[in-house]
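Quick notes on the structure that follows.
What follows draws every value from the coordinates through simple rules; no lab data is involved. On a predicted model such as this, the values are computed, not experimentally measured, just so you know. Note that each Cβ is placed from the backbone with ideal geometry, even for glycine, and that neighbours are counted across all protein chains shown.
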Amino acid sequence: MKLNNLLDALFPAGHTVTVTDQTLTGTATTAAGPVTVLGTMDGAAISHDIALRLADCILQTIESAPGRPLVFLVDTSGQALSRQQELLCLNGSLAHLAQCVDLARRQGHASVSLVNEQAVSGGFLSFGLMVDRTYALADAQVRVMDLKAMARVTKIAHERLMELASNSPIFAPGAESYRRMGAIEAIWEAPSAQLLETALVELAKGAGLADQRMTVGLARGGRYLAADVTAAVLAAD
Amino acid sequence: MNATNGFTPGHSYFEATARQRLQQILDAGSFREFLAPETVEVSPHLAALDLPGAFDDGVIIGAASLGGRRVLVAAQEGRFMGGSVGEIHGAKIVGLLRRAVAERPDAVLLLVDSGGVRLHEANAGLIAISEIMRAVLTVRAAGVPVLALVGGSCGAFGGMGIVAKLCSAILISEEGRLALSGPEVIETVMGVEEFDSKDRALVWRVTGGKHRYLMGDCAELVEDDSAAFRLGALEYLDTHGEPEPSLFTLRAVQQHLSDRMVRFGAYRDGLEVWADLGVAQPQQVPLLDRDSLVALKKGLPA
Amino acid sequence: MEKLEFKFPSQPGKISPITALCGVVGSGNLEILVRTGSDADVCEVSIKTSARGFGEIWQAVLTDFAEHNPAGGTRIFINDMGATPAVVSLRLGQALTEYLGVAQ
């Protein structure tokens, strides 16, 4: 989907978003009030520069617009794969970005992300999964790694992984697996101003402050161990 | 054996198993395990792939004392599936961190030894790491410091590299490695010219403990000895509180990271970075012992 | 993966209050858990191993272990990733010593 079509569909009342090096930053108007819009496009591989640009946009919002929600548009193929990037501790810049999202939450900024094309591993962790609520468009790709690469690394036959993926959200790439496991709140058939507004209104009441993903994953039958294990740790003598 | 730097060398941290590390670092006899073997299921996801699991799913969690302080601790076992985070493994760490929010111990120690997500449980592992990330920050916001100790054979990579950097501080040994993508992954995708993962010296110059310490990405460099990790953790807790999360702090980090991109962003080897930092003989850095390297860092221009 | 179950007669050992755990499920290695079993004259062993087709070798190694050690009254669980018989014997000895050690 073209960026402008996506923005028009989500923010029919208006948006001002600029793109620099696959990074979006700007503002938009919603029925729930003004929001900061930020994120990545064209399958961006998250680099130091992208992480820092997003982090700066979050910090600016906290500084200049107390309480204004953050709407992340996620399209990332993962982290930048380069020696140069790793030399300067890329995990540190991604952690900084994640910490900025977390600070925004603590300072009263609701946050949502919408995966519109793809979301992969480290790039997804650093902001798409750090928000109060993550959503995805129906045709979005969400994964750690595709099954062919997974077969190569784990030395398990691709056919066997395909078979397992067909009945277990643990292996199967795709937004629906993440929905069943509680990490994606809901899948949207199409970008929708109405659905976004509903999400923002709910979050404005504090719905996203606690991390409920395990409980949701259990209720949806996609992740049936984690919630019990965590509860057992809390109850252990 | 001579005592150096206030600790008596005894056990290589790198060589030890996760259970041995706990015995060696914590106050003797103080460790009380949560979800001991047989009280929790062995990963059914691995069984579905026809693989034997481990009783603790590769991470040991519990309560202990450290120099008399109450701590909660998790130790990943790098020898079991690369210390990777699967559903049970991740949920144990999340549970420990949530318990820390409720109990407010003096600190949480994460003995990280992990390549990140367990690909055999890929989606569950990724989500678990996201939950760990949020939980670490919640523990810190409750005023409880979270220390990452990195010195095992798997280092801290992938999502666990991000988790380590979300902690209050990282203590690392020269043998420890900290990064996002493993050199093997970069080599496989981008080619051997980009990163030759078999060039061990290069891998250490890019991801190793000395480089991370010189750059300030890790708070302390310690000897590869469990007693040194113990002492390092005690010294850190003696001298640092856990500040409230603040805009001021993250603005300062933002400035620091941006400045260093400008200054070092074009380099591809630790040798170039160290020269720019003012190290007169950067090629000597890999040969320096821990104390000499710490002295060298303290003497660098601010 | 292969699952194996064995029972061996063995000289009764002391009943220990602890569960002993030795080793790590890593390449060429295994973990062994020893706890109190139900029958004082029997050592009961359950194995999960990544290497198929080695049942006879397991039986030989474990028979030898049960004959030469007071392993009666223990229940043993093993998770294995292709350990050699020598490593298995070593770890069995360590795990039993740890289990019995506390009772002394």
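Report P(r) for the stretch C:1-88: all Cα-Cα distances, bin width 10 Å, range 0 to the bin holding the largest distance, values in whole percent.
Reading the bins upward from 0: 19, 52, 27, 2.
As a footprinting exposure proxy, order B:His211, B:His11 by other Cβ within 10 Å, with the fewest listed first.
B:His11, B:His211
Starting from the Cα coordinates of the stretch B:212-302, work out the convex hull volume and express it per residue in Å³.
Taking only Cα atoms, the stretch B:212-302 has a hull volume of 122 Å³ per residue.
Counting only C-alpha contacts under 8 Å and six or more residues apart, can you give the relative contact order of chain B as a whole percent?
It comes to 15 percent, rounded to a whole number.
Counting only other residues whose beta carbon sits under 9 Å from that of B:Lys92, what net charge do I get with K and R as +1, D and E as -1?
-2
Going by C-beta contacts inside 10 Å, put B:Tyr213, A:Tyr224 in order with the fewest on the left.
Least to most surrounded, the residues fall as A:Tyr224, B:Tyr213.
Within straight cross-link reach of B:Lys210, meaning Cα distance under 29 Å, which lysines are found once same-chain residues fewer than 8 apart are removed?
Cross-link targets: B:Lys165, B:Lys198, B:Lys297, B:Lys298.
Give me the distance between the Cα centres of the stretch B:59-105 and the stretch B:163-194, rounded to whole Å.
22 Å
Counting DSSP beta bridges in chain A, what percent are antiparallel, to the nearest 5?
The antiparallel proportion sits near 40 percent.
Amide H to amide H under 5 Å from B:Arg70: which residues, 5+ apart in sequence or cross-chain, H placed 1.01 Å off N in plane?
B:Asp106
In debye to the nearest 20, how big a dipole does the protein assembly as shown give about its Cα centre with +1 on each Lys and Arg Cβ and -1 on each Asp and Glu Cβ?
800 debye
Where does the stretch B:1-127 land on Rg(C-alpha)/(2.2 N^0.38 Å)?
Cα-based Rg divided by the globular estimate yields 1.12.
Go through A:193-202, B:169-178 and give me the packing order, highest mean Cβ count within 10 Å leading.
Final packing ranking: B:169-178, A:193-202.
Placing +1 on the Cβ of each Lys and Arg and -1 on the Cβ of each Asp and Glu in chain C, which of C:Gln11, C:Leu30, C:Val42 has its Cα farthest towards the positive end of the resulting dipole?
Looking along the dipole axis, the top candidate is C:Leu30.
Any lysines with Cα under 17 Å of the A:Lys155 Cα? List them, leaving off those in the same chain fewer than 8 positions away.
Cα-Cα hits under 17 Å: none found.
Each residue of the stretch A:177-193 in turn: what ³J(HN,Hα) in whole Hz from Karplus with 6.51, -1.76, 1.60 and θ = phi - 60°, glycine and Pro shown as x?
Along the stretch A:177-193, the couplings run 4, 5, 5, 4, 8, x, 7, 10, 5, 7, 9, 9, 4, 8, x, 9, 4 Hz.
Where Rh denotes the Kirkwood radius from the mean inverse Cα pair distance, what is Rg over Rh for the stretch A:3-235?
My calculation puts Rg/Rh at 0.97.
Taking the number of other C-beta atoms within 10 Å as the exposure measure, put B:Cys154, C:Cys43 in order starting with the fewest.
Starting with the residue having the fewest Cβ neighbours, the order is B:Cys154, C:Cys43.
Which value in deg cm²/dmol, rounded to the nearest 500, describes the helix-derived mean residue ellipticity at 222 nm for the protein assembly as shown, given -39,500 (n - 2.57) per DSSP H run of n ≥ 4 and division by the residue count?
-12000 deg cm²/dmol, from helical runs alone.
Rg over Rh of the stretch A:129-232, using C-alpha atoms and the Kirkwood radius, what does it come to?
1.03
Other chains near B:269-279: what is the mean number of their Cβ atoms within 10 Å of each residue's Cβ?
Average neighbour count from other chains, rounded to a whole number: 1.
Could you compute Rg(Cα) / (2.2 N^0.38 Å) for chain B, with N its residue count?
Output field value: 0.98.
So between B:Asp196 and B:Glu15, what do we pick up on full extension, going 0.36 nm a residue minus the alpha carbon distance?
Taking B:Asp196 through B:Glu15 to full extension adds about 62.6 nm, to one decimal.
Could you name the lysines whose alpha carbon sits less than 16 Å from that of C:Lys7, not counting residues in the same chain fewer than 8 places away?
Reachable lysines: C:Lys48.
For the stretch C:2-101, what does the relative contact order come out to in percent, with C-alpha contacts under 8 Å and a separation of six or more?
Value for the stretch C:2-101: 41 percent.
What Kirkwood Rh does the protein assembly as shown have if only Cα atoms enter the pairwise 1/r average? Answer in Å.
25.5 Å
Which is farthest toward the positive dipole end of chain A among A:Thr134, A:Ala172, A:Gly33, measuring Cα position about the Cα centre, with Cβ charges +1 (Lys, Arg) and -1 (Asp, Glu)?
A:Ala172
May I ask for the net charge around A:Gly217, where only other residues with Cβ less than 15 Å from the Cβ of A:Gly217 are counted and Lys, Arg are +1 while Asp, Glu are -1?
0
Using θ = phi - 60° and the Karplus relation 6.51 cos²θ - 1.76 cosθ + 1.60, list the HN-Hα couplings for the stretch A:158-165 in order, rounded to whole Hz, with x at every Gly or Pro.
4, 4, 5, 5, 4, 5, 5, 4
Please compute the net charge surrounding A:Leu59, taking Lys and Arg as +1 and Asp and Glu as -1 over other residues with Cβ under 15 Å from its Cβ.
Within the 15 Å Cβ shell, the charges total +2.
Skipping prolines and chain starts, which residues have an amide H placed within reach, meaning under 5 Å, of the one on A:Leu114, given they are 5 or more residues away or on another chain?
For A:Leu114, whose amide H was placed from the backbone, the distant partners under 5 Å are A:Phe72, A:Leu73, A:Val74, A:Tyr135.
So what is the relative contact order for the stretch A:3-235, in percent, with contacts set as C-alpha pairs under 8 Å and at least six apart?
16 percent
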